[in-house]
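The values are calculated or read from the model by the stated rules, or taken from the named source; none is laboratory data. Because the structure is predicted, anything quoted here is derived from the model rather than measured. Cβ placement follows ideal geometry from the backbone for every residue including glycine, while neighbour counts extend to all protein chains displayed. Heads up: the accessible areas ignore ligands, DNA and RNA and are worked out on the full protein's heavy atoms, side chains in. Shrake-Rupley method; radii C 1.70, N 1.55, O 1.52, S 1.80 Å.
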Amino acid sequence: MKLASLKPTYPHQGRDGRLVVVSQDLAWFTDAFLIAPTLQGALDDWERCEPALRGLAESLEHGAVPRGRFHEHEAASPLPRAYQWADGSAYVNHVELVRKARGAEMPATFWTDPLMYQGGSDGFLGPRDPIPLADEAWGCDLEAEVAVIVGDVPQGVAPEQARGYIRLVMLANDVSLRNLIPDELAKGFGFFQAKPASAFSPVAVTPDALGSQWDGAKLHGAVETFINGKEFGVANAGFDMTFDFGVLIAHAAKTRALAAGTVIGSGTVSNKGADGGPGKPISEGGLGYSCIAEVRVVETILRGKAETPFLRHGDEVRIEMRDARGHSIFGAIEQKVAGA
């Protein structure tokens with residue numbers, strides 16, 4: 001089952017979009033307002049709403065309900081805002097490389113206990129909304145990630161049980177302002193200004209609809225990342241993921257329960273090279289990268305300085321994943337960097 005939130009047509013429809021069920025091929029949608037007006041509403045009452053939404057999805061596939069053409073540019077992020085957005089760093093290869101760029105040591109605990117920060121969730125960018133950037137000097141970077149939306153998660157849940165609370169899976173662009181990060185971290189109190197609004201894929205998908213690409217805790221498949229139409233990365237989300245989503249959810253719920261609608265991110269998808277070292281660009285036979293920071297680190301290691309610039313006004317990014325038949329699973333995040 002695939003769900004989306006269409007942007008409101010009129011002001012009285014509120015900020016949280018209009019919940020629709022989307023066909024498996026992303027071609028059609030049907031309104032779900034008789035079941036729940038918003039995705040958050042459905043998540044709050046999932047035991048009642050899920051079977052009804054599945055029935056509606058089946059009717060949509062058979063053409064048995066009123067339907068309209070699904071246009072990704074009309075979609076907000078599946079949750080236009082959320083009670084909580086907690087982003088992990090499940091791909092420790094990425095953490096190691098980025099810390100190396102800052103000259104920071106890599107504590108051994110990073111391989112056994114996941115990093116996680118709480119980002120702003122009061123408003124997410126739509127998958128086709130521009131990325132507002134007031135100053136190019138801030139070092140704007142994309143971060144292609146996988147994210148899950150959970151139901152109500154009890155405090156102290158074990159990783160194995162935590163997997164059962166995953167309701168939906170989607171892709172994310174966790175925008176980072178790299179040049180603001182060092183000064184913020186130096187204060188010893190974490191990110192804030194360096195982490196503006198994130199964007200998510202046009203649709204969120206139930207785990208069962210992902211078939212063999214979902215193993216219960218990880219999403220397998222290439223996260224296709226493009227910058228200005230040029231293929232930048234095809235890192236596989238199922239490779240080199242040190243902490244799966246069960247572990248990430250359990251980490252977030254160690255000292256508090258998580259409300260339905262909490263979004264948990266994987267962190268930047270990152271693969272090591274075939275030789276166990278840093279990954280290589282696609283042009284050199286590697287899988288490329290899911291953020292610019294990584295290629296800048298590799299350039300510094302190999303050639304003594306970073307050469308690839310961060311995003312500038314007018315640059316375009318695209319993030320997508322396809323199934324075994326080459327069909328888009330979540331739709332595409334496609335954003336242009338614009339002045340704020």
### Task
Could you identify the single residue in A274, A306, A259 that is among the small types (G, A, S) and in contact with a strand residue (DSSP E or B) (Cβ under 9 Å, 6 or more places away or on another chain)?
A259
### Query
Does region 251-266 hold any residues that are under 17 Å from V146 (Cα atoms) and among the hydrophobic types (A, V, I, L, M, F, W, C), and which are they?
A252, V263, I264
### Qualifying positions in region 298-313 - open to solvent by 60 Å² or more (accessible area, probe 1.4 Å), within 23 Å of Q335 (Cβ to Cβ) and not in a loop (DSSP other than H, G, I, E, B)
none
## Note on the structure
Note: among V317, V295, V337, just one is buried (at least 19 other Cβ atoms within 10 Å of the Cβ) and within 23 Å of K2 (Cβ to Cβ), namely V317
### Task
Report, ordered by the first and then the second residue, all pairs with beta carbons closer than 9 Å, sequence separation of six or more or different chains, a first member in region 65-76 that is without any contact (Cβ under 8 Å) to a residue 60 or more places away in the chain and closer than 15 Å to F33 by Cβ, and a second member that is among the hydrophobic types (A, V, I, L, M, F, W, C) and crowded, with 18+ Cβ neighbours inside 10 Å.
V65/V21; V65/L56; R67/W28; R67/F29; R67/L60; G68/V20; G68/W28; G68/F29
### Message
Contact list please: Cβ distance under 7 Å, first residue in region 270-282 and over 15 Å from I292 (Cα atoms), second residue open to solvent by less than 50 Å² (accessible area, probe 1.4 Å) and outside any loop (DSSP other than H, G, I, E, B), pairs at least six apart or on different chains.
### Response
K272/N93
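Table: residues versus (1) exposed (fewer than 15 other Cβ atoms within 10 Å of the Cβ); (2) without any contact (Cβ under 8 Å) to a residue 60 or more places away in the chain; (3) in contact with a His (Cβ under 9 Å, 6 or more places away or on another chain).
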position: E136; (1), (2), (3): no, no, yes
position: D141; (1), (2), (3): no, no, no
position: A158; (1), (2), (3): yes, no, no
position: L168; (1), (2), (3): no, no, no
### Message
Among the residues of region 258-272, are any of a type outside the set (K, R) and open to solvent by 70 Å² or more (accessible area, probe 1.4 Å)?
### Response
no
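State yes or no: is D45 within 25 Å of A253 (Cα to Cα), in contact (Cβ under 8 Å) with a residue 12 or more places away in the chain and open to solvent by 40 Å² or more (accessible area, probe 1.4 Å)? Walk me through it before giving the result.
Details: within 25 Å of A253 (Cα to Cα): yes; in contact (Cβ under 8 Å) with a residue 12 or more places away in the chain: no; open to solvent by 40 Å² or more (accessible area, probe 1.4 Å): yes.
When the stated conditions are applied, D45 does not pass them.
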### Task
Among the residues of region 302-324, count how many are polar (S, T, N, Q) and in contact with a Phe, Trp or Tyr (Cβ under 8 Å, 6 or more places away or on another chain).
0
### Query
Taking helices (runs of 4 or more DSSP H) that fall entirely within region 1-120, which contain at least 3 residues that are modelled with pLDDT under 95?
92-102
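Can L171 be described as closer than 28 Å to R54 by Cα, part of a strand (DSSP E or B) and either modelled with pLDDT of 95 or more or hydroxyl-bearing (S, T, Y) (or both)? Before the answer, list the steps.
Values: closer than 28 Å to R54 by Cα: yes; part of a strand (DSSP E or B): yes; either modelled with pLDDT of 95 or more or hydroxyl-bearing (S, T, Y) (or both): yes.
Yes; evaluated as a whole, the condition is true for this residue.
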### Query
Are any of the residues in region 290-299 in contact (Cβ under 8 Å) with a residue 12 or more places away in the chain, among the hydrophobic types (A, V, I, L, M, F, W, C) and touching a helix residue (DSSP H, G or I) at 6+ places or on another chain (Cβ under 6 Å)?
yes
